[in-house]
1. If you average the sequence gap of Cα pairs under 8 Å that are 6 or more apart and divide by the length of the chain, what percent do you get for the contact order?
2. For the chain, what is the calculated [θ] at 222 nm in deg cm²/dmol (nearest 500), taking -39500 (n - 2.57) for each run of four or more DSSP H residues and dividing by its residue count?
3. Compute the length gained on full extension between residue 29 and residue 47: take 0.36 nm times their separation in residues and subtract their Cα-Cα distance, giving the result in nm to one decimal.
């Protein structure tokens, strides 16, 4: 279990909605702030419940 709002937590949340790559790169290779912004966009669109 990853700590809330850590990089691992964002990766878990995004993988839970079947997002494992962005532009052909694994999520783990991105910095935390990019994952956080992607997560925030998906929450706004209603694709992820936070």
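What follows draws every value from the coordinates through simple rules; no lab data is involved. These numbers come from a predicted model, not from an experiment.
1. On the way: 28 pairs, mean separation 16.5, N = 50.
For the chain, the relative contact order is 33 percent.
2. Values: 2 runs with 24 residues, N = 50.
After summing the helix terms and dividing by the residues of the chain, the value is -15000 deg cm²/dmol.
3. 4.2 nm
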